[in-house]
Amino acid sequence: MNPAPEFQLQSRDFGPDFLWGAATSAYQIEGAWNQDGKEPSIWDAFSHKRWRVKKNQNGDRACQSYQRYKEDVTLLSRMGMNAYRFSLAWSRLVHPQIAGRTSWSPAGGYRHSSTAIVNPCGFDYYKRLLESLHAAGIRPFVTLYHWDLPQRLETSGGWASRDIIKYFEEYAAICVQELGHLVKDWIVLNEPAVFLPLGYLLGVHAPGRRGLKRFLRASHYALLAQAAAARSIRSLDSGCQIGTTISTDGAYPASDSQRDQIAARRYDALMNRLYVDPVFGEGYPLTDLPMLKKMEQYIKGDDLANLQFDFDFLGVNNYTSHRIKHAVWMPWLKARPLPFAKRSRRTAMGWEVYPAGLRDQLIRFGTYEKIKSLYVTENGIALDDVLTNGAVPDAERIRFFQNYLSAVRDAQRAGAPVQGYFAWSLLDNFEWAAGYRPRFGLAWVDFASGDRVLKESGYWWREFLTK
Ligand code: FCB
C-alpha cells in the first residue's frame with residue numbers, strides 16, 4: 001500500500017530516541033478469564049449480564065493472548081516496533097482480602113498481608129510475556145489499571161470507597177516487587193475521564209453504576225489512589241519512569257458566542273482537565289466547571305497535596321475532537337458536543353477524525369510547568385475491515401496514521417516534549433460495550449480461531465519504521 005504522496009515524514013524525523021509501539025489492554029485481548037487462579041473482574045461480571053455489551057459478547061476468550069502472546073511479540077517485531085504498551089489484570093495477580101468476607105486462595109497462592117493474597121501463576125504469565133519482549137528488543141510500558149477492577153473490591157464499594165487507596169497502593173507495590181526487574185516504564189491509570197464517568201455516572205461501562213455523587217467520590221479517590229500507587233512504585237524502584245494516561249477530546253467552541261465559549265470550557269474541564277490539573281498542582285478546575293464544588297465534601301485533610309505526584313511523563317490518548325455548543329442537556333454541564341462537519345466521515349465507532357485535535361492537546365499539556373514529557377499512548381481508528389484472500393486492505397487506516405503522525409510532528413515543532421507514539425491497537429479486540437465489531441487492530445484477528453493476520457497498515461508501519 002503506497003503512502004499518500006503528500007506524506008513526507010520519516011520515522012527518524014521524530015528524534016533518535018523516539019519510541020514506536022502499539023498498545024493493548026488485558027481484558028480486551030487476554031481471554032482466560034477464569035484460568036490459573038484468576039478471579040472475576042468487574043468486566044467479567046458486567047459482560048456476563050444480559051444486554052450490557054453489544055450482542056451479549058464478552059472477553060472470556062478475546063484474542064487468546066494469554067495463550068498466544070508470543071505471536072503478539074512477533075507481530076511487534078515484524079513491524080519494527082521498539083515498544084509495547086499492555087496492562088496487567090489485577091484480578092489475575094492479587095486477590096484483595098476484605099475484612100469479614102470469606103477469603104479465597106488459588107493453588108500456590110501466598111498471603112502477602114492481611115489484605116492481599118498473591119497468585120504466582122498470574123505473575124508467571126506476565127514474566128513470560130516480558131521476557132519475550134526483552135528478547136525481541138521491545139521496551140514494555142506496563143499499565144497497572146486498564147479498567148478491570150477485581151469484582152471482589154467492587155462489592156465493597158470499588159472506586160467509590162476510600163479503601164480503594166490502600167488496596168491499589170498495595171497491588172502496585174506487589175507488581176513492582178514481582179516484575180520490577182523486567183519493567184522500567186510504569187503507567188498507573190488508563191483514562192480516568194472514561195472509566196469513572198462511564199462506569200460510575202452513566203452506568204454504560206462496568207461496574208454499571210450511576211449517580212453524580214458516586215462519580216465525584218470515585219474521581220477523588222481514584223486520584224488519591226493513583227498518587228499513592230505512584231509513590232509506592234518510586235519508593236521501591238528509584239530508577240524507573242512513572243507516568244499515567246489520560247483520554248483527551250479537543251473541545252472547540254461551536255461559535256464566537258460567549259455562551260458557546262463558556263460551554264466549551266466546561267466540557268474541556270470535565271473531559272480533559274479534571275484528572276490532570278489537580279495532579280500537577282493546578283487544583284480541580286472549579287472556575288470553569290462550578291459543579292465540581294460538590295467534590296469538597298469528599299476532600300479531607302491533606303488530600304489536595306496527597307493526590308499530586310511528580311510524574312516522569314503524561315500519556316495522552318486521543319481519537320476525536322468536537323465543537324461544543326451551549327445546550328440545556330445535563331444541567332451541570334450545559335454543553336453539547338457536535339461534529340466539525342455536518343456530513344463528516346465517521347469511523348466504525350462513530351468518531352470524527354480530527355488530527356489537529358491531538359496536536360493541540362499535546363501542545364497544551366506540553367506547556368504545563370510540571371509536565372516533563374509526553375507520550376501518545378493511544379491513537380487509532382476502527383474500521384469495518386474485511387479479510388479477503390489472506391489480506392486486509394485498510395488504506396483509510398494508513399491515511400489516518402499519516403495524518404495523525406504529521407500532527408504529532410507539528411506539536412513537537414511547536415515545542416511539545418513528545419517522546420513516543422503507541423498505535424491503538426496491536427490487535428482487533430474486545431471494544432468494551434461495543435463488543436467485537438469495531439476493529440482497531442494493525443493485525444486482523446479471527447475471533448473463532450484466534451489467528452492473526454497483519455493488515456496492510458501493519459505492513460505500512462513496517463516500511464515506515466524500517467526504511
Ligand atoms: C480508549 C481505551 C481503549 C480502547 C480505545 C478505543 O478509550 O483506553 O481501551 O477501547 O479507547
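Just so it is clear, none of the values below were taken in a lab; they were calculated from the coordinates. Values in this document were obtained by computation on a predicted structure and should not be read as measured data. Note: ideal-geometry Cβ built from the backbone for every residue, glycine included; neighbour counts use all protein chains shown.
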Would you calculate, for the chain, the mean residue ellipticity at 222 nm contributed by helices, counting each DSSP H stretch of 4 or more residues as -39,500 (n - 2.57) and dividing by all residues, to the nearest 500? -9500 deg cm²/dmol
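Ranking request for peptides 34-42, 245-253: highest mean number of other beta-carbon atoms within 10 Å first, then the rest in descending order.
Working: 34-42: 20.1, 245-253: 23.3.
Answer by packing, highest mean first, reads 245-253, 34-42.
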For a footprinting-style exposure proxy, rank Phe311, Phe464 by other Cβ within 10 Å, fewest first. Phe464, Phe311
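Rank the residues Arg92, Arg231 as a footprinting-exposure proxy: fewest other Cβ atoms within 10 Å of their Cβ go first. Show your work: numbers first, answer last.
On the way: Arg92 27, Arg231 17.
Ranked by crowding around the Cβ, least crowded first: Arg231, Arg92.
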Entries of Lys127/Lys184; Lys166/Lys213; Lys38/Lys70; Lys54/Lys213; Lys184/Lys300 with Cα pairs more than 24 Å apart: Lys54/Lys213; Lys184/Lys300
Highest mean packing first, using Cβ neighbours within 10 angstrom, the peptides 48-54, 358-364 sort as 358-364, 48-54
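Please report the antiparallel percentage of DSSP beta bridges with both residues in the chain, rounded to the nearest 5. Before the final figure, lay out the partial values.
Numbers: 18 of 57 bridges.
Taking every DSSP beta bridge within the chain, about 30 percent pair in antiparallel fashion.
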Checking region 211-298 for chymotrypsin sites (Phe, Trp or Tyr not before Pro) in a loop per DSSP with at most 13 other beta-carbon atoms within 10 Å yields none
Karplus ³J(HN,Hα) for region 105-115 (6.51 cos²θ - 1.76 cosθ + 1.60, θ = phi - 60°; Hz, whole; x = Gly/Pro) runs 10, x, 4, x, x, 10, 7, 8, 6, 5, 10
Cross-link candidates for Lys334: which aspartates and glutamates have Cα within less than 16 Å, leaving aside residues fewer than 8 places away along the same chain? Asp260, Asp268, Asp288
Under-5 Å amide H pairs with Ala22, H placed in peptide plane, nonlocal only: Ala83, Arg85, Ala423
Whole-Hz ³J(HN,Hα) for each residue in region 313-325, computed from phi via Karplus 6.51 cos²θ - 1.76 cosθ + 1.60 with θ = phi - 60°, x for glycine and proline: what do you get? 7, 10, x, 10, 9, 8, 10, 7, 9, 9, 8, 10, 10
